[in-house]
Amino acid sequence: MADAPGRVLVVDDNKVNRLLLSRSVEMLGHSVTLAENGRVALDCLAEGSFDLMLLDIEMPEMDGFEVLAAIKSDPDMRDLPVIVTSSVEGLDNIVRCIELGAEDYLPKPVNKVLLQARLTSCLEKKRLRDEQRALLNRFATQEVARDLRETGFAIGGRRIEASVLFCDIRDFTALSEDQPPEDTIELLNAYYALMFDAITGHGGIVNLMIGDGLMALFGAPKPLENPAQSAVDAAREMQEMLEAFNADQRMRAAPQIRLGIGIATGEVVAGYAGTQDRASYTCIGMTVNRAARLESHTKAIGCSILVDEDTYLAVAGTSAVEPITGVTFKGFSEALSIYSLA
Amino acid sequence: MTAASVDMAVLADLQDSMGEDFAAELLETFLQEAPGMISDLKAAAAAGEADDLRRAAHSIKSNAALFGAGPLADIARQIEIDGLHEGAVTRLEEEYGRVAGIFRGVVDG
């Protein structure tokens, strides 16, 4: 019975122990990297990728306790399973290892059968965790995934200053009726890939996709210095990318697409909404409504990017702006000043 | 009553599970490394460095136990836990001498 091979880092200051452990692990079909103390181990972890660490406790320069503490305080490393292999004296030392986050403790001399059982189970857990992380990254954005990993999941929101961007393909329904569904999905995928690049490239996250429309958030969960500026820069890049995309479409005699983008800046309530079983990172508030109305207003007046006053004010010195005053939106009692960006 | 310096059954287990050649390589490595560990231990004792003393004793204990050298492991363990007692270093060196002789015989077998 061969386990899926793993990359194992063996950390021990004693040469006999290092030899024995590495041979034992290799005999189980895994690959081994050796480190002779904690400091070297952390260097190895910084340079390479590992599935598991076998860690000695008594070591010069940096002992196993210090290694455990360093690993568990680093979000990129803290998922690495660590099995402590030691003949350290005292139950309190073993307890301390477990409290510091060690997955398990194997007394030396390490029993081969136990070692195999622990390795297999730890590597399986690591594989599941990696899979989970990959899934999380696919269905949530990197920032949300990181936020979830670091602070955990809790229903509830907080008020933050953010910019909200809505974007939609003009006349997409008509477009999709004229071509086979496969082409429509392919078109959407190409479009989303470009838009995601532009948005995440400026620190935003896409937190909603509905058909051909999307909503992006700038300034949450990761704070940005000037969310409005980031959102406007992203919008401009989206339009530029779309031009390149359309040029490519023209060459293939495929349909062109055009975008409407609305951006609003202000207070939003952001957080995880839903139930304990099914929730998403989202944001709500008047700022969100305003951004949605601005986006749909681009159709009414035939422009490509519309922003609200707060966005305009935060983006000082933006050229090619056309103010449009006295616009009233459904659901807003007062007339708004909005700005069209060329 | 004096226990045997090396429990040959432990050594045989090691040879069984890791292969005779590799077990010999391990013993060879121990014979190369142990004098250094013992001099580390003596240096730490002379300098009054408790952490270094504990670490050196720990290393000797760990290897001695692996190869079935029970009495040697016990002496080292005593030093690891309690520090040095009168004559401990001498007893450790004498016991290591016996163990090394036996291991040498196994390796050269």
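Give A:Gly203, A:Gly260 a once-over and let me know the one that is under 21 Å from A:Ile160 (Cβ atoms) and touching a residue at least 12 places away in the same chain (Cβ under 8 Å).
Unique residue meeting the criteria: A:Gly203.
Closer than 24 Å to A:Ser24 by Cα, of a type outside the set (Ser, Thr, Tyr), out of contact with any Phe, Trp or Tyr (no Cβ under 8 Å at 6 or more places or on another chain) and surrounded by 18 or more Cβ atoms within 10 Å (Cβ to Cβ): which single residue out of B:Gly68, B:Gly19 fits that description?
B:Gly68
Only residues that are at pLDDT 85 or above, crowded, with 18+ Cβ neighbours inside 10 Å and small (Gly, Ala, Ser): list them for the range A:249-305, please.
Answer for the range A:249-305, where residues must be at pLDDT 85 or above, crowded, with 18+ Cβ neighbours inside 10 Å and small (Gly, Ala, Ser): A:Gly260, A:Gly262, A:Ala264, A:Gly266, A:Gly285, A:Ala291, A:Ala292, A:Ser304.
Residue under question is B:Ala3, and the condition is that it be in contact with a helix residue (DSSP H, G or I) (Cβ under 9 Å, 6 or more places away or on another chain), at pLDDT below 95 and under 18 Å from B:Ser59 (Cα atoms); does it hold?
No, not satisfied.
Consider A:Ile83 against the criteria (1) buried (at least 18 other Cβ atoms within 10 Å of the Cβ); (2) in contact (Cβ under 8 Å) with a residue 40 or more places away in the chain; (3) touching a helix residue (DSSP H, G or I) at 6+ places or on another chain (Cβ under 7 Å): it satisfies all of them except one. Which criterion is unmet?
Condition not satisfied by A:Ile83: (2).
Run B:Arg104 past the list (1) over 17 Å from A:Asp13 (Cβ atoms); (2) surrounded by 14 or more Cβ atoms within 10 Å (Cβ to Cβ); (3) basic (Lys, Arg) and report the number of the one that doesn't hold.
B:Arg104 satisfies every listed condition except (2).
Name every residue in the range A:31-64 that is more than 12 Å from chain B (Cβ to nearest Cβ), touching a Gly at 6+ places or on another chain (Cβ under 6 Å) and within 18 Å of A:Val16 (Cβ to Cβ), in order of residue number.
Passing the criteria: only A:Leu55.
Filter the range A:69-107 for residues that are in a loop (DSSP other than H, G, I, E, B) and of a type in the set (Gly, Ala, Ser) and give the result.
Within the range A:69-107, A:Ser73, A:Ser87, A:Gly90, A:Gly101, A:Ala102 meet the criteria.
The values are calculated or read from the model by the stated rules, or taken from the named source; none is laboratory data. Predicted model, so just to flag it, every value in this text is computed and none were measured. Glycine gets a Cβ as well: all are built from the backbone with ideal geometry, and neighbour counts include every protein chain shown.
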